[in-house]
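Chemist: Structure provided below as structure tokens; questions to follow.
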Amino acid sequence: MLLRISIFILLFPFFLIPACKEKEAPKYVIGFSQCTGDDAWRRDMLRGMQRELAFHPEVDFLYRDAKGNSGKQVEQIKELLTSNINLLIVSPNEAEPITPVVEQAYQNGIPVVVVDRKTASSFYTAYVGGNNYEVGKTAGQYIGAYLHGKGKVVEITGLPTSSPSIERHKGFLDAIRNYPNIQVIRVIAGDWEKKIAKQKLTALFDSIKQADLVFAQNEVMALGTYEVWRERGISPRTKIVGIDGLAGPLGDIQMVHDGLIDATVLYPTGGEEAIRTAVQILEKKPFTKENILNTAVIDPTNVRMIKMQTDKILNQQEDIERQQKHNEEQLRVYNNQRILLYTISGLLVVAIVLGCLALYSLVENKKINKILKLKNRKIIQQRNKIQEMADEAQAATESKFKFFTNISHEFRTPLTLILGPIDSLLHGKSDHLMVKQSLRLIQKNASRLLWLVNQLMDFRKLESGMIQVKATENDLIAFMREVMQPFEPMAKKSNIEFKLITNLSVLPVWFDVNMMDKVFFNLLSNAFKFTKTHGRIHILIEQDAALNQVHVKVRDTGIGMTEMEVNRAFELFYQANQDSNKGTGLGLPLSKEFIQLHHGEITVKSEPHQGTTFTIQLLLGSQHFKEEEKISAVVGEEGQLSKLIVAETGPIWQDSSNNESKSESILVIEDHPDLRSFLQYTLQANYQVFTAGEGELGLTKAIEKVPDLIICDLMLPDMKGIKVVASLKADLRTSHIPIIILTALNGLEQQIEGMQVGAELYLTKPFSPQVLKESVKSLLANRRLVKDYFANGEVLSPANSPSISKLDQKFLNDFKRIIDEKLADPNLSVDFLSREIGLSRVQLYRKVKALLNGNVNDYIQTARLTKSCHLLQQTSASIADVAYQVGFSSSTYFATAFKAKYGISPTDYKMQKSYLKTV
């Protein structure tokens, strides 16, 4: 602490001296790449920049001259970009070659000011220059007026590929078009240089000497034109008009003044404007991106005045430069004196000591900072590594949880189809056909369970390294046909084109029959699972003699996979994000392991909605197998097990009674064909059963058939069962239908979600058919009670209404209100009610039938007669008045309907009620 106080006391006088010093402006470095500095116009641009830089001593200026070489200019710009410049000014030689390096500078955050000629893109910060099109157009307008609209003109252009040359030529032609009697007899490319222009003019002189005027696109080419005519001694010479308008003794203003050329069009260099714009950009001040400089024609009418002004400006600039040099000299003297004053202060020794102390402290601080940074870097690396490990552990946990959830689902459906038929056999009649079909269903799903268990065992063997290839030489063509055989009925049923494509009749290959059977069974199972009706599944076998390989491709036109799903297809426990068709996540990883054990390779290519192709490459011969991996005969029954899994169960038993004659109907929405058929068989003895294998089809059938009850699975191929239930309960046409959710998902969250969307019952697999039957019977009985309740005309209120959805309760309230309001209208009809409620006539009939157990006309009739009873009791109105008040068009029809309903005429009913009141 004492050391710090001493240092502060010693340094305090030094703090006071520079405190009076004016704060220095920030230093900037501007790089300028000029396409060429050989012509007067370019030199004038550079002088203009230097004049403006005189007002900005804080700016350092780096200048590079490309000498008219575009390649050299690109290299110079790259060199400037490595010189830590703050801003780049570019005057391009040609637009196209310079554009990439200018874009690179702009995209790297270095502002770019383009001068005179633009690049081939808009990636620059600002542009300063004349409008070359307007310059050419101004020249054309002047020439047209100067020649009084008639004559022959020769045009000398710059580089054909440079943007100023193209734009000036275009502007000139557009202006000349207004003078049809002016003819451009020759266009000569002078490449902006006097020497080239003179050479071409000399070579073509005989063909152009009759020209009335020569238009040169810059002042040096205009001077070259004058020299050609002077050397030929032709007088009077052809009129000459140039472009640039440079001041000074060698400029074209002087040439116009001396009569060497007849006129010139001012094209400002923009040097001063470029520096001013650059400084505005560096100081973060507002600037204009497109800075277009004005032009004017200089001819004998105004050249004297303009020359006087430009000469005066040049003289003033020379005075300013002399004054600046004088100021700089004075500043150097001042700085030297100030340094001498500091040196003589007598504290040099103290300053050195303090500097050493400061340096020592700085070194120590750097060491400490270095140690702290190293520790901080290690901490960050450890934290990132821990985070990565945590993410990997979380992903692995989620994958395993997902795997066990899905494999539980896989077990539950076969268990349902095993326990269900067993329960049916125990409680049903001993029908031979029923027993046979149930046993076939049990056999198939028991095989499915055995297959899943075998997959788990294979997975465990692979993890522990206990599985070994048992290869034999087999005919791959015959083997593949045998593998395909169990899938052919499935392909025929779904109208899927399923065939083997190869030009080989026999192909001997060494492989393990059991492993390859599992591999191709998995691939074909996936192909059939994700390929819709009328699709294609092809197996292609090709022999590659050059590589001693065989390629087997399993190609389908199914739903395909995304790029992420393709990358993770062989990842253990991974399942694609499908709403249904979930597997165990073991099939493809096991298949890949089996192929690798055969020293082969399996790959996949797929695109969404375009299909998937799995390619297996196997080596020919047996040299790649160890001796202990080769056996003489195949052992196992995996192929037979595969056939049992994919075997069709045949048609489900049909009840002998007429299905359409049953009064109540049930819609089953289930994607598993065996379970769907089993549910149909279980319920069809007592109900009319409709089925649907997809959610969308189920919604369509529900609206079309309006069943009395719906059984819906949660896992459907096209949409979630919860969404189906929510859609049914939100639709007025189906909101009254009780729904049973049937699923393998037995979690509390799923059950709560099912109840929240309005499902009446949630059954989990495996389930008892008897429980399902009793549940259906109970729900339909409750629905009949609701019908009777409302059919008897009960008033709806939350206190006394039975279980009914809010949507159905609103429907009944609206239905009754509309009828009550329009009861006196004889035109009250079903069509009017359907329009008011928003349902079709058929849907209204079905809705009323489902809720009130009657038709709409009967309900209207009953409501009118009930109201007439009240009127006959309470009023002294005549029978005809009462009939009119309740909507009957005639008293006779009213009396007939009243007597048919109550067994007594309206007159006797009124007299009877009057007598009772009197008594």
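Chemist: Could you grab me the full set of residues in the range 50-83 that are more than 39 Å from the chain's Cα centre (by Cα) and among the polar types (S, T, N, Q)?
Modeler: Residues satisfying the conditions are 50, 69, 70, 73, 76, 83.
Chemist: So residue 819 passes all but one of these: (1) exposed (fewer than 14 other Cβ atoms within 10 Å of the Cβ); (2) over 27 Å from residue 665 (Cα atoms). Which condition number does it fail?
Modeler: Just one mismatch for residue 819, condition (1).
Chemist: Here is a follow-up. Could you list, in sequence order, the residues of the range 122-136 that are part of a helix (DSSP H, G or I) and in contact with a strand residue (DSSP E or B) (Cβ under 7 Å, 6 or more places away or on another chain)?
Modeler: The answer is 135, and nothing else.
Chemist: Also, I was wondering about something else. Restricting to the range 118-140, count the residues that are farther than 14 Å from residue 291 by Cα and β-branched (Val, Ile, Thr).
Modeler: Count: 3.
Chemist: Here's another thing I want to ask about it. What's the number of the condition residue 414 fails, among (1) within 30 Å of residue 568 (Cβ to Cβ); (2) modelled with pLDDT of 75 or more; (3) more than 37 Å from the chain's Cα centre (by Cα); (4) not small (Gly, Ala, Ser)?
Modeler: Of the numbered conditions (1) within 30 Å of residue 568 (Cβ to Cβ); (2) modelled with pLDDT of 75 or more; (3) more than 37 Å from the chain's Cα centre (by Cα); (4) not small (Gly, Ala, Ser), the odd one out for residue 414 is (2).
Chemist: Given the conditions (1) under 58 Å from the mean Cα position of the chain (by Cα); (2) in contact (Cβ under 8 Å) with a residue 40 or more places away in the chain, and given that residue 183 satisfies all but one, which numbered condition is not satisfied?
Modeler: (2)
Chemist: State whether the residues of the range 573-596 include one that is crowded, with 18+ Cβ neighbours inside 10 Å, among the hydrophobic types (A, V, I, L, M, F, W, C), under 30 Å from residue 508 (Cβ atoms) and modelled with pLDDT of 85 or more.
Modeler: The answer is yes; a qualifying residue exists.
Chemist: What's the number of the only condition in (1) part of a strand (DSSP E or B); (2) in contact (Cβ under 8 Å) with a residue 40 or more places away in the chain; (3) among the basic types (Lys, Arg) that residue 118 fails to meet?
Modeler: (1)
Chemist: Now, a different point. Criterion first (in the same structural domain as residue 588 (by TED's automatic domain parsing), surrounded by 13 or more Cβ atoms within 10 Å (Cβ to Cβ), at pLDDT below 90 and outside any helix (DSSP H, G or I)) does residue 516 satisfy it?
Modeler: It is false that residue 516 is in the same structural domain as residue 588 (by TED's automatic domain parsing), surrounded by 13 or more Cβ atoms within 10 Å (Cβ to Cβ), at pLDDT below 90 and outside any helix (DSSP H, G or I).
Chemist: Are there any strands (runs of 3 or more DSSP E) wholly within the range 177-293 with 1 or more residues that are more than 30 Å from residue 111 (Cα to Cα), and if so which?
Modeler: Hits in the range 177-293: 181-189, 213-216, 239-244, 263-266.
Chemist: So, one more: If the requirement is being part of a helix (DSSP H, G or I), among the polar types (S, T, N, Q) and within 27 Å of residue 219 (Cβ to Cβ), which of these qualifies: 104, 141?
Modeler: When all the criteria are applied, what remains is 141.
Chemist: Now a separate question. Are there any pairs with C-beta distances below 6 angstrom linking a residue in the range 522-535 that is of a type in the set (Phe, Trp, Tyr) and part of a helix (DSSP H, G or I) to a residue that is at pLDDT below 90 and surrounded by 20 or more Cβ atoms within 10 Å (Cβ to Cβ), with the two at least 6 apart or on different chains, and if so which?
Modeler: Here the result reads 530/558; 530/559, each pair linking the range 522-535 to a residue that is at pLDDT below 90 and surrounded by 20 or more Cβ atoms within 10 Å (Cβ to Cβ).
Chemist: Can you name every residue in the range 146-175 that is of a type in the set (Asp, Glu) and free of Cβ contacts under 8 Å to residues at least 24 places away in the same chain?
Modeler: Residues of the range 146-175 of a type in the set (Asp, Glu): 155, 167, 174.
If the condition is that a residue be of a type in the set (Asp, Glu) and free of Cβ contacts under 8 Å to residues at least 24 places away in the same chain, then no residue fits.
Chemist: Right, next: I'd like to know if the range 156-176 contains one or more residues that are in a loop (DSSP other than H, G, I, E, B), among the β-branched types (Val, Ile, Thr), modelled with pLDDT of 90 or more and within 57 Å of the chain's Cα centre (by Cα).
Modeler: No, the conditions are met nowhere in the range 156-176.
Chemist: Pairs only if they're at least six apart or on different chains, beta carbon under 9 angstrom, first in the range 233-249 and surrounded by fewer than 16 Cβ atoms within 10 Å (Cβ to Cβ), second not in a loop (DSSP other than H, G, I, E, B); list them, first residue then second.
Modeler: 235/229
Chemist: Would you mind telling me which numbered condition in (1) modelled with pLDDT of 85 or more; (2) more than 30 Å from residue 713 (Cα to Cα) residue 629 fails?
Modeler: Failed condition: (1).
Chemist: Could you please find all residues in the range 595-627 being outside any strand (DSSP E or B), on the phi > 0 side of the Ramachandran plot and out of contact with any Leu (no Cβ under 8 Å at 6 or more places or on another chain)?
Modeler: Result: 609, 621.
The values are calculated or read from the model by the stated rules, or taken from the named source; none is laboratory data. Small disclaimer: the values here were computed from a predicted structure and weren't measured. Heads up, the Cβs are rebuilt from the backbone with ideal geometry, glycines too, and the neighbour counts pull from every protein chain shown.
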